[in-house]
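Reading through the structure tokens given below for one structure.
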Amino acid sequence: MRYDNWRKGIFCSRPNRFIAHVELDGEMVVCHVKNTGRCKELLLPGATVYLEEHDSPKRKTKYSLVAVEKGEILINLDSQAPNKAVEEWLPNSGLFRHLTQLRREVTYGSSRFDFYVESDGKKCFLEVKGVTLEENGVVLFPDAPTERGVKHLRELLRCVGEGYDAYVLFVVQMRPVRYFTPNRERDPAFAKALKEAFDGGVKVLAVDCAVTPDTMEIREFVPVQLDGKER
């Protein structure tokens, strides 16, 4: 997954969740933030950020903010990047041995899942969640309460009950990290729903990503801890 044109800047402010003000070559520019999450621990005044430059005259902003430095870690913030990276990664991931069908954005019940997969005669739904919140090497999701996320987990659990395989894949938009765990403090309902989904047969996985200013690529599986125990 690659960005064609990137620029390095200094983050100044975020007046709303869609817009950031960034200093670029001594000039203040307005950027689209490709992540509606809070990201308060990342988008701090003075932080080094990376922008994607666009040429389209139809856009309201010339730049999109796609990554930020946090200490020695470069974190991709683009909420669309995980799905693109997963689509590139899945055919050779080893997760499915004989992949015969891979489709994006498939509706099932009242939910739309990120991927539908057929492999070895099995039919599978896979939902992707991007992870950008990191604390001392531990990565957590979500960074704010997500009713939509809880709904997806319940729908995945229903898929299992109706004979499908179901996966939720947390794409950690950085590396290295120690392990993934649900954010019980900020969203106990999601943490509870994730544990119930796992107990009901939904496969819960996490992977990390190698991130550069213009690329993001899935690399390795990350340990998952749902209740203090590694899965």
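The values are calculated or read from the model by the stated rules, or taken from the named source; none is laboratory data. Predicted model only: the values in this text are computed from it and were never measured. Cβ: placed from backbone, ideal geometry, glycine included. Neighbour counts: every protein chain shown. Just so you know, the surface numbers come from the protein's heavy atoms only, side chains and all, with ligands and any DNA or RNA stripped out. Shrake-Rupley method; radii C 1.70, N 1.55, O 1.52, S 1.80 Å.
Surface listing: Ser13, Ser79, Ser64 arranged by accessible area from highest to lowest gives Ser79, Ser13, Ser64, probe 1.4 Å. For Thr215, the residues whose amide H sits under 5 Å from its own are Tyr3, ignoring neighbours fewer than 5 places away on the same chain, with H placed 1.01 Å from N. Would you kindly derive the ³J(HN,Hα) couplings of segment 125-140 from the backbone phi angles with the Karplus curve 6.51 cos²θ - 1.76 cosθ + 1.60 (θ = phi - 60°), listing them in order in whole Hz, with x for Gly and Pro? 3J(HN,Hα) across segment 125-140, in whole Hz: 10, 9, 10, 10, 10, x, 10, 10, 8, 10, 9, 6, x, 9, 10, 9.
In terms of packing, defined here as the mean over residues of other Cβ atoms within 10 angstrom, the peptides 96-105, 146-155, 163-172 line up highest first as 163-172, 146-155, 96-105. Here Lys192 and Glu27 are evaluated by their C-beta separation; at R0 = 45 Å the FRET efficiency comes out at 0.40. Taking a sphere under 12 Å around the Cβ of Asp4 and counting the other residues whose Cβ falls inside, with K and R at +1 and D and E at -1, yields a net charge of -2. About its Cα centre, the chain has a charge dipole of approximately 560 debye under the convention of +1 per Lys or Arg Cβ and -1 per Asp or Glu Cβ, with nothing else charged. Using Cβ point charges alone (K and R +1, D and E -1), the dipole size of segment 168-231 about the Cα centre works out to roughly 180 debye.
Using a ≥ b ≥ c from the Cα gyration tensor of segment 77-231 (square roots of the eigenvalues), is it rounded, prolate or oblate, where a/c under 1.5 gives rounded and otherwise the larger of a/b and b/c decides, a/b for prolate?
oblate
Relative contact order of the chain, please, whole-number percent, based on alpha carbon pairs below 8 angstrom and at least 6 residues apart.
On the way: 515 pairs, mean separation 36.8, N = 231.
Relative contact order, the chain: 16 percent.
Per-residue 3J(HN,Hα) values for segment 32-44, derived from phi via the Karplus relation 6.51 cos²θ - 1.76 cosθ + 1.60 with θ = phi - 60°, read 7, 8, 8, 7, 8, x, 5, 6, 5, 7, 10, 8, 9 Hz in sequence order (x marks Gly and Pro). Backbone phi angles across segment 107-112, fed through the Karplus curve with coefficients 6.51, -1.76 and 1.60 (θ = phi - 60°), yield HN-Hα couplings of 7, 9, x, 9, 10, 10 Hz in residue order; Gly and Pro are listed as x. Neighbours of Arg14 by Cβ distance under 12 Å: Lys/Arg scored +1, Asp/Glu scored -1, total +3. With 26 Å as the limit, the listed pairs Lys34/Lys192; Lys8/Lys62; Lys70/Lys203; Lys40/Lys192 have Lys34/Lys192; Lys70/Lys203 beyond it between alpha carbons. A 1.4 Å probe run over the protein chains yields, for the chain, 50 Å² of accessible area per residue, whole-number rounding.
Taking only DSSP H segments of four or more residues, each worth -39500 (n - 2.57), what value at 222 nm results for the chain once the sum is divided by all its residues, to the nearest 500 deg cm²/dmol?
On the way: 3 runs with 36 residues, N = 231.
My calculation for the chain gives -5000 deg cm²/dmol from helical runs alone.
The C-alpha atoms of the chain define a longest principal axis, and helix 188-199 lies at about 40 degrees to it. Peptides 185-191, 52-58 ranked from most to least packed give 185-191, 52-58, packing being the mean of other C-beta atoms within 10 angstrom over each peptide's residues.
Think of segment 82-229 as a dipole: +1 on every Lys or Arg Cβ, -1 on every Asp or Glu Cβ, centred on the Cα centre; then among Leu133, Phe221, Leu102, Leu102 lies furthest on the positive end. When peptides 216-224, 123-131 are ranked by their average number of other Cβ atoms within 10 Å per residue, the highest-first order is 123-131, 216-224. Across segment 106-231, C-alpha contacts under 8 Å between residues 6 or more apart give a mean separation that, scaled by the residue count, equals a relative contact order of 23 percent.
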